[in-house]
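The values are calculated or read from the model by the stated rules, or taken from the named source; none is laboratory data. None of these values were measured; they are calculated from a predicted model. Note that we place each Cβ from the backbone using ideal geometry, even for glycine, and neighbour counts take in every protein chain shown. What goes into the accessible areas is simple: the full protein's heavy atoms, side chains included, and nothing from ligands, DNA or RNA. Shrake-Rupley method; radii C 1.70, N 1.55, O 1.52, S 1.80 Å.
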Amino acid sequence: TSTLQQDASRKLRLSAKATMDAAQALFEAGAITYHRTDSPRVADEAAAMARDWIARHHPDTLPATPPRARSAAGAQDAHEAIRPTRLEQEEIPAGAPATLYAMIRARFLASQARPARIDRTTVWIDAGPVAWVAEGAVVVERGFLEFWGPYVKQEDVVLPAVAPGQTLDVETLRAHERSTSPPPRYDQGALIKKLETSGIGR
């Protein structure tokens with residue numbers, strides 16, 4: 001529940017109350033399982049449903065065996081994780097419930113998919129007393145990003161081909177002056193996370 005509230009706050013700009021109201025509407029419509037739970041556990045039938053759907057629509061993201069999540073110590077595990085009750089097309093109430101449902105569905109499918117494989121490259125450039133660093137990242141296998149990609153910032157950054165010892169010429173140089181700023185204020189998502197890590201309610 002707290003993870004749902006945090007993601008809804010950061011990714012959908014929904015308050016905790018709006019999130020729970022939307023989740024309640026989805027639960028009452030039979031679209032999701034019970035929405036007040038600490039457990040990341042997924043029922044075997046749900047895992048089989050997800051694997052069947054992934055095998056038909058995105059077989060390259062299907063892992064050999066279903067992933068298993070482990071509950072944190074002290075978690076209330078009576079109810080499984082929040083997930084869709086089915087994956088085929090269904091009628092969803094409009095507005096916030098629709099956007100929240102799309103995120104819950106994406107998170108559920110991502111949790112049952114293979115890890116993403118990302119190639120990362122770091123180039124160190126010696127220029128006098130200063131060491132410059134260029135970092136690149138390219139998604140080789142999308143894995144769970146096939147579903148969760150719209151909710152995370154993961155863009156390919158391709159570096160030009162270089163060789164060890166190669167001399168590089170400066171084409172352009174841009175200097176940016178930035179001032180330090182105070183830490184950001186807590187938003188609802190950050191407050192919920194702080195409460196969770198402090199063991200205060202859910």
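Overview of values
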item: Condition met for T3 (part of a loop (DSSP other than H, G, I, E, B) and among the hydroxyl-bearing types (S, T, Y)); result: no
item: Helices (runs of 4 or more DSSP H) fully within the range 83-202 counting 3 or more residues that are closer than 30 Å to R56 by Cα; result: 96-111, 145-148
item: Matching residues, the range 155-164, being in contact (Cβ under 8 Å) with a residue 12 or more places away in the chain and open to solvent by less than 80 Å² (accessible area, probe 1.4 Å); result: V157, L159, V162
item: The listed residue being polar (S, T, N, Q), open to solvent by 30 Å² or more (accessible area, probe 1.4 Å) and in contact (Cβ under 8 Å) with a residue 40 or more places away in the chain, out of S15, S2; result: S15
item: Number of the condition not met by P63 [criteria: (1) more than 15 Å from I192 (Cβ to Cβ); (2) touching a Leu at 6+ places or on another chain (Cβ under 9 Å); (3) modelled with pLDDT of 95 or more; (4) outside any helix (DSSP H, G or I)]; result: (2)
item: Number of the exception - T167 against (1) β-branched (V, I, T); (2) without any contact (Cβ under 8 Å) to a residue 60 or more places away in the chain; (3) closer than 28 Å to L4 by Cα; result: (3)
item: Selection count, the range 18-71, where residues are of a type outside the set (D, E), loosely packed, with under 15 Cβ neighbours inside 10 Å and within 19 Å of E88 (Cβ to Cβ); result: 7
item: Answer residue from the range 86-139, given it is open to solvent by 70 Å² or more (accessible area, probe 1.4 Å) and among the acidic types (D, E) and is modelled with the lowest pLDDT among those; result: E91
item: Leading residue by the ranking (modelled with the lowest pLDDT) among those in the range 170-202 that are over 16 Å from L4 (Cβ atoms) and among the small types (G, A, S); result: G199
item: Candidate set from the range 170-194 (those that are touching a residue at least 40 places away in the same chain (Cβ under 8 Å) and open to solvent by 80 Å² or more (accessible area, probe 1.4 Å)); member that is nearest to W132 (Cα to Cα); result: K193
